[in-house]
Amino acid sequence: MRRELVVVGLSAIVLGVGAAAEQAAKPAAVATAPAERFWGQWRGPLGTGEAPHAKPPVEWSETKNVRWKVEIPGVGKSSPIVWNDLVFITTAIPLATPATAPATSGATPPPATPGAAAGPGGRRHPDVSDPDGPKSFVVIALGREDGKERWRRVVREELPHEGTHRFGTFASGSTLTDGERLYAFFGSRGLYALDFTGKVLWEKQLGHMTTRNGFGEGSTPTVHAGTVVVTWDHEGADFIVAFDAATGKEKWRRERDEPTTWATPLVVVHGGRAQVIVAGTNRFMAYDLATGESIWQAGGLTVNQIPSPVHADGMVYAMGGYRGNMLRAINLANAKGEVTGPPGLAWSYERDTPYVPSPLLYRGGLYFLKSNSGILTYLDAKSGEMRYMERLDSVPNVYASPVAADGRVYVVGREGTTAVLAAGPKLERLATNVLADAIDTSPALVGNDLFLRGNKYLYRISAPAAGAARASR
């Protein structure tokens, strides 16, 4: 069991995907459709897991409230994002013939040579395998209304240099958008900026990662105010780098000292200053978005750092739950330099924290799962006081991160079951919904829709409008 928990590292990838500022700027082009009404990154418009304007259904099944269900080619564990009338996903499709040259022009990394899935001391992890052949790395856009494919863009074709965990994939980082461009990160296969027709505007190749135990890659970048930020923490030279979102020109780069992490960075604007907050095993810290200068740093979290930080009301929370438990709550008003205790460190909590799923911050409550189980904890976000810790029997195994909208919390289990709960300091179960597909990715909530990507299918779940419901009787 312990061994299986470790392997999950790859899947977090799954969850991988990009967090942007809670106060993200709204492009003029979408003035009539505010960013808060879409799901432009894997943790939602606020970077917390909340959809402030969505009203998704409470109940569904394979025969109820599924507006469409489409099979996705290839294999990927990236979560869907939604912008205007399009849904975006990434995938890796096996190639029957040897990989060709890169599908886009630009810098090319060294030729890929498959490496053994070996851990410390050269030991091979039993749940990790070498690449099984060359892949086509693809971004797909589907129509939100009908699920039909609008376009498919192959950004690269190559043989991965390293294997991946059996629960992970070679396309586990989610796309993200600032409303002007779409950004897709395939790790060692590159970072790509595309327009909304699928045209590649620029690309960056950052080299080859060597991940812990060969668990694979899966962190998602973040974008804010014209800057895309990528963290590159692995078993080699680590760094964090910022690119101009319009041109791909590098703005700054800073060295880091971390083992492999899969957490997505978070941008927060506090006191008029945008800071990039990064969770890691060794350090939990913030960089100035404009310059890369270190603003503050606190003690690290746990090994195999996967959960991404969340923020609200001047407080930032980060946690990890493999080979230990750690949650740190940082008060940004008092966080400067080395943060070792109050007032910068508002409080900490050292039990029942998640391994793979990121936390949910909603209406003053901090929700998180114990390791990868259905044991849910609710803390008062301001004080750290525990209000409940309860087992959700319907979702015993969870990799997806919980989300919330319209006073409800959604927890998606690996077997395809979703527990719907009333938000608040007292646990109230509202519904248990079952789909046929296994699900490891986080939901996207937009309008009256809930989008779920399973191992094989992408679902659009939505209750019929009141008038349509009456007409069907």
For this session: Considering every residue within region 310-325, establish whether at least one is of a type in the set (G, A, S), over 21 Å from V223 (Cβ atoms), touching a Leu at 6+ places or on another chain (Cβ under 7 Å) and crowded, with 24+ Cβ neighbours inside 10 Å.
Result: yes
Exercise. Looking at region 390-407, which of its residues are touching a Leu at 6+ places or on another chain (Cβ under 7 Å) and surrounded by fewer than 16 Cβ atoms within 10 Å (Cβ to Cβ)?
Worked result: E390
Exercise. Do you know which of the residues in region 152-170 that are free of Cβ contacts under 8 Å to residues at least 60 places away in the same chain and closer than 21 Å to A444 by Cβ is surrounded by the most Cβ atoms within 10 Å (Cβ to Cβ)?
Worked result: R153
For this session: Provide a single number: the residues in region 30-78 that are more than 16 Å from the chain's Cα centre (by Cα), at pLDDT 95 or above and part of a strand (DSSP E or B).
Result: 8
Problem set entry | Some residue of region 350-359 being buried (at least 18 other Cβ atoms within 10 Å of the Cβ), farther than 28 Å from A54 by Cα and more than 18 Å from the chain's Cα centre (by Cα) | yes
For this session: Might you let me know whether region 263-286 holds any residue that is more than 30 Å from D352 (Cβ to Cβ) and of a type in the set (S, T, N, Q)?
Result: no
Problem set entry | Hey, T113 part of a loop (DSSP other than H, G, I, E, B) and either of a type in the set (S, T, Y) or modelled with pLDDT of 95 or more (or both) or not | yes
Exercise. Is it true that A274 is within 26 Å of L201 (Cα to Cα) and touching a His at 6+ places or on another chain (Cβ under 7 Å)?
Worked result: yes
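Every residue, every condition in (1) among the hydrophobic types (A, V, I, L, M, F, W, C); (2) free of Cβ contacts under 8 Å to residues at least 60 places away in the same chain, yes or no:
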position	(1), (2)
A246	yes, no
T261	no, yes
H270	no, no
T281	no, yes
N334	no, yes
Exercise. Quick one: would you say R387 is over 19 Å from I277 (Cβ atoms) and more than 22 Å from the chain's Cα centre (by Cα)?
Worked result: yes
Exercise. Taking only pairs six or more apart or across chains, which ones have beta-carbon atoms under 8 Å, a first residue in region 66-77 that is surrounded by fewer than 17 Cβ atoms within 10 Å (Cβ to Cβ), and a second residue that is modelled with pLDDT of 95 or more and polar (S, T, N, Q)?
Worked result: P73/T91
For this session: Count, please, the residues in region 233-244 that happen to be buried (at least 16 other Cβ atoms within 10 Å of the Cβ) and either without any contact (Cβ under 8 Å) to a residue 12 or more places away in the chain or of a type in the set (A, V, I, L, M) (or both).
Result: 3
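Table: residues versus (1) in contact with a Leu (Cβ under 6 Å, 6 or more places away or on another chain); (2) surrounded by fewer than 19 Cβ atoms within 10 Å (Cβ to Cβ); (3) in a strand (DSSP E or B).
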position: A184; (1), (2), (3): no, no, yes
position: Y192; (1), (2), (3): no, no, yes
position: G198; (1), (2), (3): no, yes, no
position: L206; (1), (2), (3): no, yes, no
position: N213; (1), (2), (3): no, no, no
Problem set entry | Which listed residue, of Y410, Y457, is surrounded by 24 or more Cβ atoms within 10 Å (Cβ to Cβ), among the aromatic types (F, W, Y) and either modelled with pLDDT of 95 or more or under 21 Å from V87 (Cα atoms) (or both) | Y410
Exercise. Pairs under 6 Å by beta carbon, first residue farther than 14 Å from R328 by Cα in region 357-376, partner part of a loop (DSSP other than H, G, I, E, B) and among the acidic types (D, E), six or more apart or different chains?
Worked result: K370/D352
Seminar exercise, completed: In region 160-173, anything in a loop (DSSP other than H, G, I, E, B) and farther than 15 Å from V75 by Cβ is listed as H161
Exercise. In region 261-275, how many are crowded, with 24+ Cβ neighbours inside 10 Å and more than 14 Å from M315 (Cα to Cα)?
Worked result: 5
For this session: May I ask you to say which residue of T291, T281, T261 is at pLDDT below 95 and either among the hydroxyl-bearing types (S, T, Y) or not in a strand (DSSP E or B) (or both)?
Result: T261
Exercise. Residue check: is D178 within 22 Å of A35 (Cβ to Cβ), surrounded by 24 or more Cβ atoms within 10 Å (Cβ to Cβ) and charged (D, E, K, R)?
Worked result: yes
Problem set entry | Residue check for G173: of a type outside the set (S, T, Y), crowded, with 24+ Cβ neighbours inside 10 Å and under 23 Å from D132 (Cβ atoms) | yes
For this session: Can you confirm whether region 120-127 contains a residue that is surrounded by 14 or more Cβ atoms within 10 Å (Cβ to Cβ), modelled with pLDDT of 50 or more and in a loop (DSSP other than H, G, I, E, B)?
Result: yes
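The values are calculated or read from the model by the stated rules, or taken from the named source; none is laboratory data. Nothing here was measured: the structure is a model prediction, and the numbers come from that model. Glycine gets a Cβ as well: all are built from the backbone with ideal geometry, and neighbour counts include every protein chain shown.
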